[in-house]
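The values are calculated or read from the model by the stated rules, or taken from the named source; none is laboratory data. Quick caveat: nothing in here was measured; it's all calculated off a predicted structure. FYI the Cβ positions are ideal-geometry reconstructions off the backbone, even for glycines, and counts take in every protein chain you see.
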Amino acid sequence: MPTKIDAAKAHATHGDGIITVTVPKKKEVAPLEVTIKVHDHAADMSNSDGTDGEDDTDSDDIHHLTLAAPGIAARELQVTAKGRLLRVIGESKRTATGAKLLRIFQLPHRR
């Protein structure tokens, strides 16, 4: 049975050119595409990411994905999830870097 995600609780942080995407697992989810807001890492330190201060880093009910996004600001990233697919797109608005990112990941099946 494929893993479903809790899109309402999904979030991403960005800091120092690294983006970390957190996607909680859920038993039931509608098969539509959702956009996941990317939070700046500095803002995350003040717990403004909507997780209510819960430490969910060791939970089996959450997917964590960390990837490099050097030269791309948090506001320039778009993260979407549909079913088991997670898409990360970004492009730097600064002409000096010309950085671009397009990655699609398939979340693992529930075990």
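For the stretch 77-103, give me the residue count where each residue is assigned to a strand (DSSP E or B) and either surrounded by 11 or more Cβ atoms within 10 Å (Cβ to Cβ) or touching an Asp or Glu at 6+ places or on another chain (Cβ under 8 Å) (or both).
As a first pass, look at the stretch 77-103 and keep what is assigned to a strand (DSSP E or B): 77-82, 85-91, 100-103.
Narrowing further to those that are either surrounded by 11 or more Cβ atoms within 10 Å (Cβ to Cβ) or touching an Asp or Glu at 6+ places or on another chain (Cβ under 8 Å) (or both): 77-82, 85-91, 100-101, 103.
So the count comes out to 16.
Applying the selection to the stretch 76-91, what residues are more than 11 Å from the chain's Cα centre (by Cα) and at pLDDT 90 or above? Can you show your working first?
Pass one, the stretch 76-91, residues more than 11 Å from the chain's Cα centre (by Cα): 76, 82-85, 90-91.
E76, G90, E91, listed by residue number.
How many residues, within the stretch 1-51, are at pLDDT 80 or above, in contact with a helix residue (DSSP H, G or I) (Cβ under 9 Å, 6 or more places away or on another chain) and of a type in the set (V, I, T)?
The number of residues fulfilling the criteria is 7.
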